[in-house]
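Chemist: Before I ask anything, let me first share the structure, which is written out below as structure tokens.
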Amino acid sequence: MILTVAAALSALSTPVHSTEIAHAANAYTASYHAQSTVRTRQVETRFVNRPSTQICRWQADLVVNRAVAAQGRPVAAIGKSIHRFEPLSGSYAGSCEAARHHIDAEVARYSRARAGEALAVAQQDRAVLVNELDSLQALSVKGG
């Protein structure tokens, strides 16, 4: 048996929540997005006495990302992934290109099913974000 492999990667981001935070005389905007990343791998099996068979193997990762801006400028130091869901994976007979619509639909269903949890995670992150802002403020005061 011989395996031929081709790989691809795609990502999609959807808004989950946004909040305003006033901290140390600055106004911050925290935006939360659920981002799904799909990796596909085209595998072709070849047997000596049978025709080759294409199989598309895929895995989707769904994370909630936080982006923070102060007065319209990004604050990269506190932007990060705050939650990672259990990966979703599967396989389809045939090419990944032909299966793309099915994979995207399955990932969309998974994302919709996790939307409530993503919103709850984003809303609970406010206290964590305020603590991180406190830490940054303390460092900037110490540093001068």
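Chemist: When the residues of the stretch 61-104 are filtered to those that are basic (K, R) and assigned to a strand (DSSP E or B), which remaining residue is surrounded by the fewest Cβ atoms within 10 Å (Cβ to Cβ)? Explain how you work it out, then say what you get.
Modeler: Restricting attention to the stretch 61-104, the residues satisfying the condition of being basic (K, R) are 66, 73, 80, 84, 100.
From what is left, the residues that are assigned to a strand (DSSP E or B) are 66, 73, 80, 84.
Working: R66: 22, R73: 8, K80: 12, R84: 10.
Residue satisfying both the conditions and the ranking: R73.
Chemist: Quick one: how many residues across the stretch 58-77 are more than 19 Å from the chain's Cα centre (by Cα) and among the basic types (K, R)?
Modeler: Final tally of qualifying residues: 1.
Chemist: Within the stretch 45-58, how many residues are at pLDDT 85 or above, out of contact with any helix residue (DSSP H, G or I) (no Cβ under 6 Å at 6 or more places or on another chain) and not basic (K, R)? Walk me through how you get there before you give the answer.
Modeler: Filtering the stretch 45-58 for residues at pLDDT 85 or above gives 53-58.
Filter once more, keeping what is out of contact with any helix residue (DSSP H, G or I) (no Cβ under 6 Å at 6 or more places or on another chain): 53-55, 57.
With not basic (K, R) added as a condition, the list becomes 53-55.
Number satisfying all stated conditions: 3.
Chemist: Which of the residues belonging to the stretch 119-144 are within 14 Å of Y32 (Cβ to Cβ), of a type in the set (A, V, I, L, M) and in contact with a His (Cβ under 7 Å, 6 or more places away or on another chain)?
Modeler: If the condition is that a residue be within 14 Å of Y32 (Cβ to Cβ), of a type in the set (A, V, I, L, M) and in contact with a His (Cβ under 7 Å, 6 or more places away or on another chain), then L119, V121, A122 are the ones that fit.
Chemist: Just give me the residues in the stretch 80-97 being among the small types (G, A, S) and at pLDDT 95 or above, in sequence order.
Modeler: S81, S89, G90, S91
Chemist: Turning to a different aspect of this structure: On the basis of being under 21 Å from T37 (Cα atoms) and exposed (fewer than 15 other Cβ atoms within 10 Å of the Cβ), does P51 make the cut?
Modeler: Answer is no for this residue.
Chemist: List pairs: first residue in the stretch 65-82 and closer than 10 Å to T29 by Cβ, second residue among the small types (G, A, S) and surrounded by 15 or more Cβ atoms within 10 Å (Cβ to Cβ) anywhere in the structure, Cβ distance under 6 angstrom, at least six positions apart or on different chains.
Modeler: A67/S31; A67/G79; V68/A30; V68/G79
Chemist: Here's something else I'd like to know. Can you tell me which residue within the stretch 13-63, out of those that are without any contact (Cβ under 8 Å) to a residue 60 or more places away in the chain and in contact with a His (Cβ under 6 Å, 6 or more places away or on another chain), is farthest from Y92 (Cα to Cα)?
Modeler: Result: P15.
Chemist: Among the residues of the stretch 25-48, write down those that are exposed (fewer than 12 other Cβ atoms within 10 Å of the Cβ) and under 30 Å from A70 (Cβ atoms).
Modeler: Of everything in the stretch 25-48, just one residue is exposed (fewer than 12 other Cβ atoms within 10 Å of the Cβ) and under 30 Å from A70 (Cβ atoms), namely A25.
The values are calculated or read from the model by the stated rules, or taken from the named source; none is laboratory data. Values in this document were obtained by computation on a predicted structure and should not be read as measured data. Because the Cβ atoms are built from the backbone with ideal geometry, glycine has one as well, and the counts that use them run over all protein chains shown.
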